[in-house]
Amino acid sequence: MSNEQKTLKQQNSLQIGAYVVINVLVFWGLANGIGINFQDSNSLPEQLFTSALWSVVIGTLTTILSGQMDQNFKYFLIFWRLKDRLPACRAFSYFMIQDPRIDPKTIEAKLTTIPTDPTEQNRTWYKIYKKHQDKNSVIDAHKNFLLTREITGLSFLLLITLGSASFFLFPSWKLRIFYLIGLLVLFLLASQAGRNYGARFVTNVLAEECTDTSTSTAKP
């Protein structure tokens, strides 16, 4: 799915970049006491340029550092599982029976044998996914999952980097604590969204398979 995945990542790049820039701008504003002096009109362009420049620099560095994080670690941040982190590792043993759109008997009839091993579940689900990867419901769920996966990784990185920097640059302890809590909440919300979209991605594929009238289905 390399070509499609690159396309989806490109579609998400603007939102990911905006998320980083907004976080950096908020940090910069809090560190400087919302440091734009509107009374001094002569210094306003310079202050805006300086803030924007540092935001771009820090945002770029954060994105580069995020690229160093292994995808498995990002999956860990979303699903909080040490083993079998990919959502499709539980495609048939958990997600299939949780979604009322999916008839397990129909899936079983097409597969002959429902896999129970997590690795085999992921492999079998992936073969089914390849059949339906161009369906709108699958593309939409996949795009949202990729977006929240990257934002979860970035949120964790921002919690570590900007959270640590706040202890040196923020003017008060109260502000530092509230800022850290805010970053933590953002990370937890992103992680939860990633879990939800991951589950939706898995189940949308299986739901499409249930309504597929073809008799040929990939087997493990």
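The values are calculated or read from the model by the stated rules, or taken from the named source; none is laboratory data. As the structure is a computational prediction, the values presented were derived from the model and not from experiment. Here Cβ is always computed from backbone atoms with ideal geometry, including for glycine, and neighbour counts include all displayed protein chains. Just so you know, the surface numbers come from the protein's heavy atoms only, side chains and all, with ligands and any DNA or RNA stripped out. Shrake-Rupley method; radii C 1.70, N 1.55, O 1.52, S 1.80 Å.
Report, in listed order, any pair from 83/127; 74/174; 105/143; 105/127 with a Cα-Cα distance greater than 26 Å. Long pairs (Cα-Cα over 26 Å): 74/174; 105/143. Phi angles across the range 104-120 convert, under the Karplus curve 6.51 cos²θ - 1.76 cosθ + 1.60 with θ = phi - 60°, into 3J(HN,Hα) values of x, 5, 5, 5, 5, 5, 7, 8, 6, 10, 7, x, 10, 5, x, 5, 5 Hz, Gly and Pro given as x. Of the residues 19, 94, ranked by 1.4 Å probe accessible area with the largest first, the sequence reads 94, 19. What distance in nm separates the two pseudo spin-label positions at residue 26 and residue 185, each 7 Å out from Cα along the beta-carbon direction? Reported label-point gap for residue 26 and residue 185 is 0.9 nm.
Residue 81 exposes around 80 Å² of accessible area when a 1.4 Å probe is run over every protein chain in place.
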